[in-house]
1. Can you name every residue in segment 173-200 that is in a strand (DSSP E or B) and touching a Gly at 6+ places or on another chain (Cβ under 6 Å)?
2. Conditions first: (1) touching a strand residue (DSSP E or B) at 6+ places or on another chain (Cβ under 6 Å); (2) among the hydroxyl-bearing types (Ser, Thr, Tyr); (3) not in a strand (DSSP E or B). Ser122 passes all but one, so which condition is the exception?
3. Can you tell me how many residues within segment 182-193 are surrounded by fewer than 21 Cβ atoms within 10 Å (Cβ to Cβ) and either more than 20 Å from Ala138 (Cα to Cα) or modelled with pLDDT under 95 (or both)?
4. Among the numbered conditions (1) in contact with a Leu (Cβ under 9 Å, 6 or more places away or on another chain); (2) within 24 Å of Gly85 (Cβ to Cβ); (3) open to solvent by less than 30 Å² (accessible area, probe 1.4 Å), tell me where Tyr15 comes up short.
5. Considering every residue within segment 53-66, establish whether at least one is of a type outside the set (Phe, Trp, Tyr), more than 28 Å from Leu168 (Cβ to Cβ) and either in contact with a His (Cβ under 6 Å, 6 or more places away or on another chain) or modelled with pLDDT of 95 or more (or both).
6. For segment 149-171, how many residues are under 13 Å from the mean Cα position of the chain (by Cα) and either within 15 Å of Thr225 (Cα to Cα) or surrounded by 19 or more Cβ atoms within 10 Å (Cβ to Cβ) (or both)?
Amino acid sequence: WPKIEGHDGSAHGVYLRGILHSTLQLNVRGCGTTSDAILMEFCVCTHLDTPIVSNNEGTGGAFYNDGTGVAKPRRGIVVTRRGAGAEKSGHCMITNAVIEGVAYAGMTDDYAVGTLWQGGTSEGHTDATNARGYLNTANAVACRVIDVDFEANASSIDIDISGDETELRGCHSEDEVFVRSGANDNVFIGGDYEDITIIAGATDTRLRDCRYSRYGAGVFTDGGTRTIYDIQNITTDTRSQSDISDTAYNATS
């Protein structure tokens, strides 16, 4: 785990471009405030093993400060394409990440196919409007998030989904899961959440054995098309299940 301590005006903590079939261990203790801690562009089957981007790990309990400013990253780990072309990152794996206290999104899938985030935490991100534990853009396809803990983020949305075929399994969140218009075929299996919101324009969202109202005031709101759900309100110990006829779900069956 090389320790990277960039100052608040530096570039990205670690910049990976065109890295294939490699395993890396990285610890970013600071970088430029308009930069990302770990930026992955056109990486394929690359594995980040227990990457650390944290204001809690190590002496001092804060990102690096050279005396003129705190080197808090804009985002934690970003998986995206190379340049403006079609070279998306594909099937990278991030295991047991510790991402704490960045400004905006801790985990980002953008122009990414098949990313696997397994275990770890994304928490304590500070921007009151834009902080996200996980940001999945409309350019992401078939990414998976398994057994990740999301908490203490400053905005009301922990998990923000705009892409297609995302799978979240066994995750935990203190705030809102938000599925946006244009998001298709996203699946949530298990896990505890506070609010779950699916807005108009989201299609074929499926929630199976999910629980919400983790802290007693959560709501489930479904404005999407063909949403299928079997979810439990933790506070009231009641279940809600969709009731969709064959005609409504598939007019040709």
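The values are calculated or read from the model by the stated rules, or taken from the named source; none is laboratory data. None of the values given here were measured: they were computed from a predicted structure. No Cβ is skipped: glycine too gets one built from the backbone with ideal geometry, and neighbour counts run over all protein chains shown. Surface accessibility is based on the protein's heavy atoms, side chains included, excluding ligands, DNA and RNA. Shrake-Rupley method; radii C 1.70, N 1.55, O 1.52, S 1.80 Å.
1. From segment 173-200, those in a strand (DSSP E or B) are 173, 176-179, 184, 187-189, 192, 195-198; that's our starting set.
Result: Asp195, Ile198.
2. Unmet condition: (3).
3. First pass over segment 182-193, keeping only residues surrounded by fewer than 21 Cβ atoms within 10 Å (Cβ to Cβ): 182, 184-185, 187, 189-190, 192.
From what's left, either more than 20 Å from Ala138 (Cα to Cα) or modelled with pLDDT under 95 (or both): 189-190, 192.
Residues flagged as surrounded by fewer than 21 Cβ atoms within 10 Å (Cβ to Cβ) and either more than 20 Å from Ala138 (Cα to Cα) or modelled with pLDDT under 95 (or both) within segment 182-193 amount to 3.
4. Failed condition: (3).
5. Let us first name the residues in segment 53-66 that are of a type outside the set (Phe, Trp, Tyr), namely 53-62, 65-66.
Applying the additional criterion that residues be more than 28 Å from Leu168 (Cβ to Cβ) yields 58-62, 65-66.
Those left that are additionally either in contact with a His (Cβ under 6 Å, 6 or more places away or on another chain) or modelled with pLDDT of 95 or more (or both): 66.
Taking every residue of segment 53-66 in turn, at least one turns out to be of a type outside the set (Phe, Trp, Tyr), more than 28 Å from Leu168 (Cβ to Cβ) and either in contact with a His (Cβ under 6 Å, 6 or more places away or on another chain) or modelled with pLDDT of 95 or more (or both).
6. Within segment 149-171, the first condition is being under 13 Å from the mean Cα position of the chain (by Cα), and the residues that meet it are 149-151, 153, 157-163, 166-169, 171.
Remaining after also requiring either within 15 Å of Thr225 (Cα to Cα) or surrounded by 19 or more Cβ atoms within 10 Å (Cβ to Cβ) (or both): 150, 153, 157-163, 166, 168, 171.
Going through segment 149-171 one residue at a time, the tally reaches 12.
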